[in-house]
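*Asks:* Quick one: the structure is below, and I'll ask about it shortly.
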Amino acid sequence: MRWRRESLPADVRRAAAAAVAAAGPGSADAGRMLAWGRYGERYALGFPGHLVYDDGTGWQVLAWHRIVRGGWDKDIRRLSWVDYDGHRGELPLEEPRSLPELFKERVEASIMVRRQVSVPGTKNGVVVVGRRVLGAEPAVLEWHASLNKGTHWSDPGAREAAETALAELKADYDPYDA
């Protein structure tokens, strides 16, 4: 008996690609689906610039550069993440295929530069990051500062340290900043 893997339904691919095309920066690659996974009757697809998934209310589009942290937990078969707005997401993938590997690769590929910044009086400080908007033409960079565990924006010097580090990184690494 020959094992046959399920293929991605064409209507799912078209609907996800349409959602990517409507997403804005990085949507030039809407036709290039790189990986997909399935959870129940729903699907998650990876495009060069976006993770696209059906949450039961419609297609959600999340740009890879917006993911602060996340990953695949193979023991519980769950892909999870936190974005820059603090929103948490997770997909319990019954059939992950290569989507977890693509997730890791795309999030890492979006990071152009990352710097840990000490903040006096805190244990962990802040992280400043320059991220490429994958798939955007012309090239676009976005800059973010995130708090490490135990650090708060209200801590003396935290905001100033982040702003100074962001300005230095932009000056050193952002050829697109006019």
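The values are calculated or read from the model by the stated rules, or taken from the named source; none is laboratory data. Keep in mind it's a predicted model, so treat the numbers as computed, not measured. Note that we place each Cβ from the backbone using ideal geometry, even for glycine, and neighbour counts take in every protein chain shown. Side chains are part of the model used for accessible areas, which takes the heavy atoms of the whole protein and leaves out ligands, DNA and RNA. Shrake-Rupley method; radii C 1.70, N 1.55, O 1.52, S 1.80 Å.
*Asks:* So if we plug the beta-carbon distance of LYS123 and GLU90 into 1/(1 + (r/R0)^6) with R0 = 35 Å, what FRET efficiency do we get, rounded to 0.05? Walk me through the numbers before you get to the answer.
*Replies:* Details: r = 28 Å, r/R0 = 0.80.
So, using R0 = 35 Å, E works out to roughly 0.80.
*Asks:* Using just the helices of the chain, give the 222 nm mean residue ellipticity in deg cm²/dmol: DSSP H runs with n ≥ 4 each add -39,500 (n - 2.57), and the total is spread over all residues, rounded to 500. Don't skip to the end; give the middle numbers.
*Replies:* Numbers: 3 runs with 40 residues, N = 178.
When only DSSP H runs of four or more count, the value is -7000 deg cm²/dmol.
*Asks:* Once a ≥ b ≥ c are taken as the square roots of the eigenvalues of the Cα gyration tensor of the stretch 3-93, is the result rounded (a/c under 1.5), prolate (a/b larger than b/c) or oblate (a/b not larger than b/c)? Numbers along the way, then the final one.
*Replies:* Working: a/c = 1.73, a/b = 1.03, b/c = 1.68.
Oblate.
*Asks:* Okay, next question. At LYS74 and LEU8, where each label point lies 7 Å from the Cα along Cα→Cβ, what is the point-to-point distance in nanometres?
*Replies:* So the two model labels end up 2.3 nm from each other.
*Asks:* Summarise the accessible area of the chain (1.4 Å probe, protein heavy atoms) by the percent that is carbon and sulfur. Walk me through the numbers on the way to the answer.
*Replies:* On the way: 5000 of 10260 Å².
C and S atoms contribute 49 percent here.
*Asks:* Give a residue-ordered list of calculated ³J(HN,Hα) values for the stretch 61-74 (Karplus: 6.51 cos²θ - 1.76 cosθ + 1.60, θ = phi - 60°; whole Hz; x for Gly, Pro).
*Replies:* 10, 10, 5, 4, 6, 8, 8, 6, 7, x, x, 9, 9, 5
*Asks:* If you don't mind, another one. If you place +1 on the Cβ of every Lys and Arg, -1 on the Cβ of every Asp and Glu, and leave all else neutral, what size is the dipole of the stretch 27-137 about its Cα centre, to the nearest 20 Debye? Mind showing how you got there, number by number?
*Replies:* Details: 17 positive and 15 negative charges, 100 e Å.
The calculation lands at about 480 debye.
*Asks:* Next question. Ignoring chymotrypsin sites (Phe, Trp or Tyr not before Pro) that are buried or in helix or strand per DSSP, and keeping those with at most 13 other beta carbon atoms within 10 Å, what is the longest stretch of the chain between them?
*Replies:* Details: sites that count: TRP3, TRP153, TYR176.
After excluding every exposed loop site, the longest remaining stretch is 4-152.
*Asks:* Starting at the first residue of the stretch 115-124, write each ³J(HN,Hα) from the Karplus equation 6.51 cos²θ - 1.76 cosθ + 1.60 with θ = phi - 60°, in whole Hz, x for Gly and Pro.
*Replies:* Those phi angles translate into 9, 7, 10, 6, 10, x, x, 10, 7, 10 Hz.
*Asks:* Using the Karplus equation 6.51 cos²θ - 1.76 cosθ + 1.60 (θ = phi - 60°), what ³J(HN,Hα) coupling, rounded to whole Hz, does each residue of the stretch 6-21 give in order, writing x for Gly and Pro?
*Replies:* Once θ is set to phi - 60°, the couplings for the stretch 6-21 become 5, 9, 6, x, 4, 5, 5, 4, 5, 5, 5, 5, 5, 5, 5, 4 Hz.
*Asks:* What number comes out for the charge environment of TRP72, summing +1 per Lys or Arg and -1 per Asp or Glu over other residues with Cβ under 9 Å away?
*Replies:* Surrounding charge for TRP72 is +2.
*Asks:* Let me ask something else about it. GluC sites (Glu not before Pro) within the stretch 91-178: which are DSSP loop residues with at most 12 other Cβ atoms inside 10 Å?
*Replies:* Values: sites: GLU94, GLU101, GLU105, GLU108, GLU142, GLU160, GLU163, GLU168; in loops: GLU94.
Hits after loop and neighbour filter: GLU94.
*Asks:* Okay, next question. Match the structure shown to one of the listed values (i) 18.1; (ii) 17.6; (iii) 17.1 of Kirkwood radius over Cα pairs in Å, computed from it, and give that label.
*Replies:* Recomputing Kirkwood radius over Cα pairs in Å here picks out (ii).
*Asks:* Roll a 1.4 Å probe over the protein chains and send me the accessible area per residue for the chain in Å². Show your work: numbers first, answer last.
*Replies:* Values: 10260 Å² over 178 residues.
Per-residue accessible area for the chain comes out at 58 Å².
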